[in-house]
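Below is one structure, written out as structure tokens; the observations come after it.
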Amino acid sequence: MPREPRIAGGSEDVLRKAVVAEALSSLSRPHREVLTETILRDRTVNEAADVLGIPLVTVKSRVYYALRALRVVLDERGMTT
């Protein structure tokens, strides 16, 4: 079976980051906001709720559904296992 071509050096990481960034941009604004606060800015859900000015339960719900949506987008792009 033929092997898939590999991208040389750190280019693979750059490509992966670009695909993830594009996938994030495809999410709704509320989903992007909660993932930005909780994952990219490494805030707790409590901190994210304070920063975003929304209830804690809303942050938890949005994180859950945002991660589900992100996984679907990344699956479509062949980025998950």
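The numbers here are math on the coordinates, done by the rules we state, and not lab data. Predicted model, so just to flag it, every value in this text is computed and none were measured. When we count neighbours, we look across all protein chains shown, and the Cβ atoms used for this are built from the backbone with ideal geometry, even at glycine.
Can you pull the one-decimal nm distance between simple spin-label points at Ser26 and Asp75, each 7 Å off the Cα toward Cβ?
Spacing of the two 7 Å Cα→Cβ label points: 1.2 nm.
Among rounded, prolate and oblate, which fits segment 7-81 when a ≥ b ≥ c are the square roots of the eigenvalues of its C-alpha gyration tensor, a/c under 1.5 means rounded, and a/b larger than b/c means prolate?
Here segment 7-81 falls in the prolate category.
Return the calculated 222 nm mean residue ellipticity for the chain, to the nearest 500 deg cm²/dmol, obtained by summing -39500 (n - 2.57) across DSSP H runs with n ≥ 4 and dividing by the residue count.
Helix-only estimate at 222 nm: -20000 deg cm²/dmol.
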